[in-house]
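Remarks on the structure that follows.
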Amino acid sequence: MFPLSETFLQTSTLFVELASTEFMRYILAATGLHVLLNSGLRPFALRRRIRSDQPPKGQIRREILTSARSVLVFAGISLAAVWAVKMGWAQVHQDPDTYGWPYFFLSVAILIVGHDTWFYWIHRLLHDKRLYRRWHHLHHRSFKPTPFTAFAFNIGEAALHGLYTPLVILLLPVSYLALFLFSIHMIVRNTIGHCGVELFPSAKSGRPFFDWLTTVTHHDLHHASPDWNFGLYFTFWDRLMGTEHPDYLKHFAATRTSLSSLETVGEKSTARPISKRMGLGAAVMIAACLTSLSADADQSAAELERLSGSWVSEGYGAVVKLHSCNQPPTELCGTLIWIWSPQSQQHLGIKMLWGFRFDGSGWRRGEIAIPGRNQVFRSDIQMIDLDTLQVKGCAVIVCKSQIWRRLDSLPHVGLPR
């Protein structure tokens, strides 16, 4: 159906999945924090904002676009890492308890501390005047950073940052769960560090309560004064190498009051309405989601009933019976019940289509298998009329469509129904 080699298809599909996952992780973390600080926590954020003015118009759009490009670079490097694991050059295991739970937690700590070290020295290298303009200047165009600044890198800088994980797994056996926790920690700390609102608590002395962690002020000062504060998660490299901003603690104390002040008498009148507004907003969102899910389920069930039955592929090559995958009926599947090729009779009864969900206009983001070819493609199904379907299969950017017809509407006999 689609003349692409299996290796190319698997590689292309994996690249798309890696890029999609990485971008979703970035956009959810950045958008979630941005929305939170500009809605439910807005009074809190206004009192703890590091800069008094907002980023210039168009900055966030530029940051998202350049971050999307960085994600493509990360995905390409991750793809190489996946093949390294398949070839046995790197050790990544499914069971987090393979070497015992103490080692699992140690491996997570090594990933995080090692990344901070890698970032610090790569970051200092990129500030060399011979590299800065071509390799790092783009990130510093965000003089007033936002959560979306997190991945706004030049291509070369993105590649250097993306190399860390593949290099580590060549040396250190880790589990997929450890890598997942490390990646979540990385994007959360990265977006928080660029959010422009001091979220870290302070001690009574005015110093950061967790003085060994980089606060939001710590990294914000780097965007204001690029010759200082190169660390990502921890302050010890900056302090050891003398690159921490000399007025960092003064800036932290000036832009920040203790988070515990929300619980003091003077702040209770502010904290309670914020909690109530957030609680009310969450309740409204949950109710809206439940209502939407219920409506979507009813619509999916109705569309499944219209679609159920036997359908003949283009050229009378096969008959596929479409039906619900689950209960309540929300997903569309298809079982092969007849095929023209005598060499493919052993495939009768296989699930040929699965995972399609109705989005209001058609069945999207499912998968379709080609019997006997060991090939699986992303697919969409559009119902043209009661007896006609358009079935589209895609491999990366190459797509082809077929017209399927309902078996009962055809004059031909002798095919199973």
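Read-outs throughout are calculated quantities, based only on the coordinates presented, and are distinct from any laboratory measurement. Fair warning: this is a prediction, and the values are worked out from it, not measured in the lab. FYI the Cβ positions are ideal-geometry reconstructions off the backbone, even for glycines, and counts take in every protein chain you see.
Which peptide among 30-37, 187-194, 93-100 comes first, and what is the full order, when sorted by highest mean count of other Cβ atoms within 10 Å? Mind dumping the intermediate values first?
Numbers: 30-37: 17.6, 187-194: 21.0, 93-100: 12.9.
Most protected by this proxy first, the peptides run 187-194, 30-37, 93-100.
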Between the residues Thr214, Ser20, Leu37, the Cα farthest towards the positive end of the dipole of region 6-263, that dipole coming from +1 and -1 charges on the beta-carbon of Lys, Arg, Asp and Glu, is from Leu37
Take the Cα coordinates of region 6-263, assign each an equal point scatterer, and use the Debye formula without solvent to give log10 I(q)/I(0) at q = 0.10, 0.11 Å⁻¹. -0.53, -0.64
For Arg373 and Gln345, extending 7 Å from Cα along the Cα-Cβ vector and measuring point to point gives, in nm, a value of 2.3 nm
First measure r as the distance between the Cβ atoms of Met241 and Asp53, then evaluate 1/(1 + (r/R0)^6) with R0 = 30 Å and state the FRET efficiency to the nearest 0.05. 0.40
Given the pairs Lys144/Lys250; Lys57/Lys144; Lys144/Lys204; Lys351/Lys392; Lys86/Lys400, which are separated by over 22 angstrom at their Cα positions? Lys144/Lys204; Lys86/Lys400
Eigenvalues of the Cα gyration tensor times 5, then square-rooted: what semi-axes does that give for region 307-409, in whole angstrom, largest first? 19, 16, 14
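Fewest to most neighbouring Cβ within 10 Å: what's the order for Met241, Met383, Met87?
Going from sparsest to densest Cβ surroundings: Met87, Met241, Met383.
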Once the other residues with Cβ under 11 Å from the Cβ of Thr66 are scored (Lys, Arg +1; Asp, Glu -1), what is the net sum? +2
Gain in span if fully extended, Arg62 to Arg357, counting 0.36 nm per residue against the direct Cα distance: 102.9 nm
